[in-house]
Structures are given as structure tokens and as C-alpha cells.
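Each reported figure results from applying straightforward, stated rules to the coordinates on display, with no laboratory input. What you are looking at is a predicted structure, and each value in this text was computed from that prediction instead of being measured. Cβ placement follows ideal geometry from the backbone for every residue including glycine, while neighbour counts extend to all protein chains displayed.
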Amino acid sequence: MDKLNNNLDRSWIDKFNKPFVISGPCSAESEKQVLDIAKKLNQSYINVFRAGIWKPRTKPGNFEGVGEDGLIWLNKVKKYTGLMVSTEIANAEHVELCISYDIDILWIGARSTTSPFVVQEIAESLEHDNNKRIILIKNPIHPDIELWMGALERLYEKGIRKLGLIHRGFFSYKSLKYRNNPNWDILLHIKKILPRIPIICDPSHICGNRDHIFDVSTQSIKNFKCDGLMIETHCDPDNAWSDSKQQIHPNHLLNFLKKIQNNEFEYKKEIDSLRILIDELDENVISILSKRMEISKKLGVLKKKLNINTLQPNRWKLIMENYIEIGKNFGISKELIENIFNVLHKESIKIQNKIRE
Ligand code: PEP
Ligand code: MN
């Protein structure tokens, strides 16, 4: 990793003011839509125009992108605005087409980073492009740092040096606040092992709606020292063909960037950064607790049906011993484990007794 870190070419991002900003629609929809957004974004705060033209949708039957036509539109954006242009690639054919249309920045999406086969194919197809393009790698859907670093290494091994990472958050079973939970702790770890890797935060895919986009952006830049932002914009966000809930109007973004560049936001100190990390973990604990209580309710219904006692003291004793042992391995005291799980157990019994009433 040291070698990779030392050999990274950061010149593409270091020549710009921070934050380095990539913006544009989730998906290219028509030439007019693309050019209308690009005209709005043609400002000094924005460095790169983005638009997805091959869209990896979770389920079939949704809009899957306009394909090659979108590359022609991106080229027009480049010609009219001078902005660099970027899109998502997921196979060798996409790479070839992007090279032929001279797209400046290619990113590997979260679903593709998950597959070593896909990443390897992309790395090989870029091998002979002589580092003309910048390649950004989104984090895989699940918080598997090794898989993310593995993707980076596959590209590095093929001689690619203009590299960067995009933090777009991680899938979680249940999250009230975010579509994909941010994980600043992982970013801090990556910054430790690869201090020179450019990191871009994608608050649009983290938030999944418009509510916290600017909070997450500010945190990523001010507290966690990300190099840049990727934010989805659309002139008619509610009617966007994909990710309509999270896209914002370009004017809205420009207003925010003006403020962030003029340092109008309260600088959050180290203590606040640690609080953000704690809040993030506590929110995860709450989400897991809710899942636990749901299962406990189902168990209560079943116990009633089978006429089994709610309280099973022997089972609980064994479970507690097991938890204490697991806690010990994680450096958590017996006392804390007993306190927490006794409270949880009492709550479960209460819920299950209510079901019996
Ligand atoms: C996107 O950037 O529009 C996209 C599909 O992102 P992700 O890979 O993060 O889901
Ligand atoms: Mn999107």
C-alpha cells in the first residue's frame, strides 16, 4: 500500500481549490436536459460535469440510461462550458466508448466495485490509455474495506495512477436518516493507510433525499478532510428519471458552495468530529435495537400460540454467559454486558407478556 500511496498522481485534483466539485444529473435524459443543467453549473465553483448514461438499477424494469447518445451530449457540455466531463462505467465496452469520446473522468459504481471480475476487466481495458483519464472508485455497497482497496490495487497494477475514491455510504438493514449510512471511521482508516489518495464524498447517494445533503457535505470537507464532493443536480429534480428525491437544483448547490468557499460555516473542532462518529454508531445501535424488538414480538406471538413460558431462565443464563465471553474478546467489561442485556431482556419480556394479555 505504501508504494501505491507514493506513486499516486494527485496533480489532477491539487491544481484546483477545495472542495473539488463534480455535479450534474443522476442520469442523462435528453440533450436539452443535459445542456440546461450544464449551463447553470458553468461556474468557477464546479470542476466536473457528471451524468450517468448506463444506469445500474437494483431491479429490472426501470430506466437504464440513454447509452452512447449521452456521450455525444457530454462532449457538447465539454465544448460549450470547458468543464471536464464524467460518467459511470461498468465494463470494457463502456471504457472503450468513453475513450473514443474522450470522457475525462470515469467512475466505477458501488455495485461494480463489489465484483472483482468487473473491476479487473475495467482495469485491463484502461491499461493502454496512458493515464489520460482519471478513474474514481465508489465504495462497494457493504462496508468491506478490503474489497474497496482491492479494486484500487487492481487498477494500480495495470499502471493507472490518476486515481481517487468516492464515499457514497453503505447499505444498512434499516436507516431512518440516510439511504446509505456514511462511515467516517472507514475514511479515517483509509486516510491513515493511504494519506495521498484523493477522497470525494457523494452526499446525494448517502442521503437519498434533499434533507441533509449540505450537512453531510460540510462534515465531509470540514471534519473529515475530504478533497471534494459529487452532488447530483437537476433543473426539475422532482421529475428526474432516476434518484428524483435526492437531486437538487443547480442554483441551490451554487449557493451552498459560495458559502463553503467563503468559510461561512462554523468550523467544527476535533471534539465535534468525535461526536459525529459517536452519533453515527448510536444511530446504528438504535436501528439494530428496533430489529431486535421486532423479532422479540414475533417470538412472543409464537410462544403464546405454543403455550410456552415467556421467561426461560436457563436459556437466558446460557446466553448471558456467551455474551460475556464475546464481550471479553471485544474488550467490553462483564458489567457493561450484563447491564445492557438485562435491560434488553426485561424489555423483551415486557413486550411478550403484553402479547399474552
Ligand atoms: C450514481 O452515481 O448515479 C450511482 C448509480 O451511484 P452508486 O454507484 O453510488 O449507487
Ligand atoms: Mn444517482
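Below are the figures for this structure:
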{"item": "At R0 = 30 Å, FRET efficiency that the Cβ-Cβ distance of D144 and N263 yields, to 0.05", "result": "0.25"}
{"item": "Under 20 Å from the Cα of K297 - lysines, other chains or at least 8 residues apart", "result": "K174, K305, K346, K350, K354"}
{"item": "On Cα atoms only, tilt of 250-261 relative to the major axis of the chain in degrees", "result": "80 degrees"}
{"item": "222 nm mean residue ellipticity, helices alone, for the chain (DSSP H n ≥ 4; -39,500 (n - 2.57); rounded to 500)", "result": "-16000 deg cm²/dmol"}
{"item": "Cross-link table K18/K78; K138/K192; K177/K298, entries beyond 23 Å C-alpha to C-alpha", "result": "K177/K298"}
{"item": "Value of Rg/Rh across segment 218-357 [Cα atoms, Kirkwood radius]", "result": "1.19"}
{"item": "For the chain, built as a Gaussian network whose Cα springs stay under 10 Å, the top-fluctuating residue of P143, P182, P19", "result": "P143"}
{"item": "Taking H142, H252, H205 and counting other C-beta atoms within 10 Å, the order from fewest to most", "result": "H142, H252, H205"}
{"item": "Contour excess over end-to-end distance, with Cα ends at Q120 and N284 and 0.36 nm allotted per residue", "result": "55.7 nm"}
{"item": "Helix 145-157 axis, angle to the chain major axis (alpha carbon atoms, nearest 10°)", "result": "30 degrees"}
{"item": "Gain upon complete extension [S100, L306; 0.36 nm per residue less C-alpha separation]", "result": "67.4 nm"}
{"item": "Per principal axis, descending, Cα span of the chain in whole Å", "result": "73, 46, 44"}
{"item": "Sorted by Cβ neighbour density within 10 Å, fewest at the top, the residues D2, D202, D14", "result": "D2, D14, D202"}
{"item": "Under 16 Å from the K298 label point (7 Å along Cα→beta-carbon), backbone N, segment 321-357", "result": "352"}
{"item": "Span from the segment 291-310 Cα centroid across to the segment 26-47 one, whole angstrom", "result": "54 Å"}
{"item": "Cα shape, segment 181-291, gyration tensor, a/c 1.5 rule", "result": "oblate"}
{"item": "Which of M230, M84, M320 has the fewest Cβ neighbours within 10 Å, and the rest in rising order", "result": "M320, M84, M230"}
{"item": "Equivalent ellipsoid semi-axes, segment 7-164, via Cα gyration tensor eigenvalues times 5, rooted, Å", "result": "24, 19, 15"}
{"item": "Nearest-0.05 FRET efficiency for D272 and R57, computed from C-beta distance (R0 45 Å)", "result": "0.75"}
{"item": "Inter-centroid distance (Cα atoms) of segment 197-265 relative to segment 321-357, Å", "result": "40 Å"}
{"item": "Förster-model FRET efficiency, 25 Å R0, Y173 and R210, C-beta, rounded to 0.05", "result": "0.60"}
{"item": "Environment charge at N42 (Cβ cut-off 13 Å; Lys +1, Arg +1, Asp -1, Glu -1)", "result": "+4"}
